[in-house]
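Read through the structure below, which is laid out as structure tokens, and then see the notes.
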Amino acid sequence: MKLNKEKMMNAVEAAKASMERNKVPGLAMAYISEGKVIHTETVGVANPETGAKVTEATHFEAASLTKPVFGKIVLQLAEEGVIDLDEPIWNYAPDAIPTDDEKGKNITAKHVLSHGTGLPNWGDAPLPLAFEPGTGFGYSGKGYTYLQDAVEKITGRRIDDLMQTEIFNPLGMEDAAMIWTGPLNRTLARTVDADGKIEVPRDRCQHSVAREPNCAFSLHVTIKDYPKFVQSVMADQALIEKIYSHKNPADHNVVWGLGWGTYKDIIWHWGDNGGFKSFVCFDPETKEGLLIHTNGFNGLQVCYDVAEYVAEYDLSDIKEMVANAE
């Protein structure tokens, strides 16, 4: 994948056209070339009620873009010998297992990071297994929270503390947060539904997606934050090799590695917290990539439109895979 630099500088008009078609009020995007952020852009409004524009200080819920950050923590712990990726999680945290199917005791961290647990995306325990762990693909946030419980038990630390000390602070992600707070709400974008109608503001914990730090979806970021994480992944060849070291075939030619989706020459992920939609992809060889955050229910289509325009890259298979996963 290689960004078309001319189109990149003219992407605002393409973004605006897609945002209008899809009733999405605001967007923030960042472009990476040769492993460095070369341009950021903000378009539209963060709050349709007041008309406040999206800025580099606007917070978005990163949604499932939280998962790769947690994945990096897990891979670091494995490198340090704190956790074994092939050891059943049940051996670490037997009380946390979300299924009463005996085969669930064989779920490993490797299965979680590659969505091979057999667990559904969400639901209340005990949950059924769609397949024996390690024999299929099924996108599962519940698998991630199961692994989170084990990591917190093993380390004796909450996941937000681990992410703060191991990822956010070292990378200078000064505005990243794993949970809603009152101060954060002052910069958090307002969302709209599929018809473009403004939704209830997340003005207290009950209106936030997560009341506790959740490794699957509760990260809040600005457009300045997440690119720093993406850059750190792109610069770490050992980490790239770990992502590719396990291959779990999904749908439509997409393969899931450890913490990330892989497709042809790119590594990618999407985020969906209802009114917040995000998309990130990068080429580990060319060191080029892009990140897009939106505050509309139909925002993922905007992400695809902008990404395909700027990178001249066909994302049809990824679109189909995501649609099937959700």
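The values are calculated or read from the model by the stated rules, or taken from the named source; none is laboratory data. Note that this is a predicted model, so its numbers are computed, not measured. FYI the Cβ positions are ideal-geometry reconstructions off the backbone, even for glycines, and counts take in every protein chain you see. Side chains included, ligands, DNA and RNA excluded: accessible areas come from the protein's heavy atoms. Shrake-Rupley method; radii C 1.70, N 1.55, O 1.52, S 1.80 Å.
Here are the numbers for the structure shown:
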| item | result |
| --- | --- |
| Whichever residue in region 254-278 is modelled with pLDDT of 95 or more and at positive phi and, among such residues, is least open to solvent (accessible area, probe 1.4 Å) | 259 |
| Boolean, residue 143 is open to solvent by less than 30 Å² (accessible area, probe 1.4 Å), modelled with pLDDT of 95 or more, at positive phi and not polar (S, T, N, Q) | no |
| Some residue of region 147-165 being under 16 Å from the mean Cα position of the chain (by Cα), at pLDDT 95 or above and over 15 Å from residue 217 (Cα atoms) | no |
| Single unsatisfied condition, residue 10 versus (1) open to solvent by less than 40 Å² (accessible area, probe 1.4 Å); (2) under 29 Å from residue 312 (Cα atoms); (3) polar (S, T, N, Q) | (1) |
| Residue that is least open to solvent (accessible area, probe 1.4 Å), among those in region 284-299 that are in contact with a helix residue (DSSP H, G or I) (Cβ under 7 Å, 6 or more places away or on another chain) and in a loop (DSSP other than H, G, I, E, B) | 284 |
| Exclusive hit being free of Cβ contacts under 8 Å to residues at least 12 places away in the same chain and charged (D, E, K, R), set 314, 265 | 314 |
| Which numbered condition residue 18 fails, given (1) within 29 Å of residue 241 (Cβ to Cβ); (2) part of a helix (DSSP H, G or I) | (1) |
| Subset of region 306-323 that is charged (D, E, K, R) and not in a helix (DSSP H, G or I) - its residue that is least open to solvent (accessible area, probe 1.4 Å) | 314 |
| Unique residue being crowded, with 20+ Cβ neighbours inside 10 Å and over 19 Å from residue 69 (Cα atoms) when the list is 303, 281 | 303 |
| Some residue of region 224-233 being under 20 Å from residue 278 (Cβ atoms) and among the hydroxyl-bearing types (Ser, Thr, Tyr) | yes |
| Residues of region 210-242 that turn out to be of a type in the set (A, V, I, L, M), in a helix (DSSP H, G or I) and under 15 Å from the mean Cα position of the chain (by Cα), as a count | 2 |
| Only listed residue being assigned to a strand (DSSP E or B) and at pLDDT 95 or above, chosen from 24, 45, 112 | 45 |
| Number of positions in region 48-96 that are assigned to a loop (DSSP other than H, G, I, E, B) and under 16 Å from residue 113 (Cα atoms) | 5 |
| Top-ranked residue of region 126-164 - restricted to ones that are in contact with a Lys or Arg (Cβ under 8 Å, 6 or more places away or on another chain) and of a type in the set (A, V, I, L, M, F, W, C), ranked as nearest to residue 248 (Cα to Cα) | 129 |
| Residue list for region 111-138, filter: crowded, with 21+ Cβ neighbours inside 10 Å and within 16 Å of residue 216 (Cα to Cα) | 111, 112, 113, 114, 115, 116, 117, 119 |
| Residues (open to solvent by less than 10 Å² (accessible area, probe 1.4 Å), in contact with a helix residue (DSSP H, G or I) (Cβ under 6 Å, 6 or more places away or on another chain) and not β-branched (Val, Ile, Thr)) located in region 76-110 | 93, 98, 109 |
| Count of residues meeting criterion [in contact with a Ser or Thr (Cβ under 9 Å, 6 or more places away or on another chain) and either without any contact (Cβ under 8 Å) to a residue 24 or more places away in the chain or of a type outside the set (Lys, Arg) (or both)] in region 224-246 | 6 |
